[in-house]
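Just below is one structure, and these are the notes that go with it.
Coordinate-derived values only; no laboratory data. Owing to the predicted nature of the structure, the values given are computational and were not obtained by experimental measurement. Virtual Cβ from ideal backbone geometry, glycine too; neighbours counted across all protein chains shown.
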Amino acid sequence: MHDDDSADRRSQKPGPVRALLSYLAVAALSTAAGIGATEAVRHAAGLRPHAAALSRDTAEHRVTKPAATNDEAVYRKVEPGVVDVTASLRYLQETAKGTGFVIDAAAGLVLTNNHVINGATSVTVTPVTSGRSYPARVLGYDRAHDVALLQLRGAASLRAAGLRAVRIGRSAQVRMGAQVMALGNEGGQGGSPTVAPGVISGLDRTIVASDQSSGLTETLHGMLQTSADIRPGDSGGPLADTAGRVIGISTAGGGGTVYSGYAIPIDQVLPIARQIAAGRPGGQVQIGLPAFLGVLMPDSGSASPQRQAGQDVRQAGVTSDGPGDGQSRGAGGGSGGCTDGETAAAPASVAPAWSGALVDGVLCGTPAAAAGLSAGDVITALGGQPVTSPRALTALIRHYRPGSRAALAWVAPDGRLHTTVVRLIAGPAG
């Protein structure tokens, strides 16, 4: 994979380089629009645990491409299976863009990172060879391993898309110094994927990765480390060997004085993908979208609603995932009514309940809004089971699927007890 003296060291295809100025413009757009789906990373397990997140705008954080002659051949083998992934985050009022790749063309199955679709209420997939976008269904995901499996909707979409699957390699056979190439949707720009040649510079790494746009933080194990210049938008894309076989999913980037990219080994990913495709929940695997109530709550295990009101971190929406669902934020806003986004603050008054889950706000168009909940209410029971805290409510909702009905009880700030039956809807992914 060829040498290049340019500070940017990226190309639209192997050959011409992309200017550094284009990267800086994309970085500004990523901050404003939530496009930056590649995560910043700091090392763990003895790999500079206190290193700061990398600033990607300085040349010294990238390395010279290793010499090779088959860049174009690798690109031609991998590129037909690459897709752009666009996730609409309705409740966060954002759009996230990343990359994916086809592993089963007949079934329309696409692999990507979980953090690419984290918080998504709808997802579209665009094969780079056709440039046409198709709606995709989230078949499932594994947050702990940062893997998600998507499927193009409908047989007609599959025929129109003309999908081609990538070739899969064996990450267990990868050795230090092996030449690799990352392909991805750099900056969420779409079109032909940009490429980043490099070498494998580390095996079996443990990293702590964070996504600044969502607040998601995770520890990932067994990672492949590479000198390939993986950038925002590349997340979920293929890392290929010199034979054009995919050996990993590009996931994170960062480091100290020398930049490194990180990829999840494909040998870790495929068993998770098969479990999701078979529709078998278990372990960390979520099948389909979680059930969703639609209340904004403190991320708290405290039983006291009054104490919860003094806690700043808010849990957006309440899905069947846990408090660390990547949607927790501090937010400012009013009390009462419903909101289209994450605008919740401690309510002016709190219901006189000894324990329960304090409602900071309600998302419009959700079961909570239809039931008439508002800021200051305290949820005390769901499905006949007592609710003792916000986290207890989250744990109860894990037992439900979208479309399930459950009795809901809450106390209003005026002390009145309310009960109704709610029908839970499909919530954000991830």
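For the stretch 83-147, relative contact order (Cα pairs under 8 Å, six or more residues apart, normalised by length) works out to 32 percent. Dimensions of the stretch 268-315 based on its C-alpha atoms, expressed as ranges along the principal axes with the largest first, amount to 45, 22, 16 Å. Counting charges near Q268 (Lys, Arg +1; Asp, Glu -1) among other residues having Cβ under 13 Å from its Cβ returns a value of -1.
Amide H contacts under 5 Å for G184: T194, restricted to partners 5 or more places along the chain or on a different chain, H placed in the peptide plane at 1.01 Å from N.
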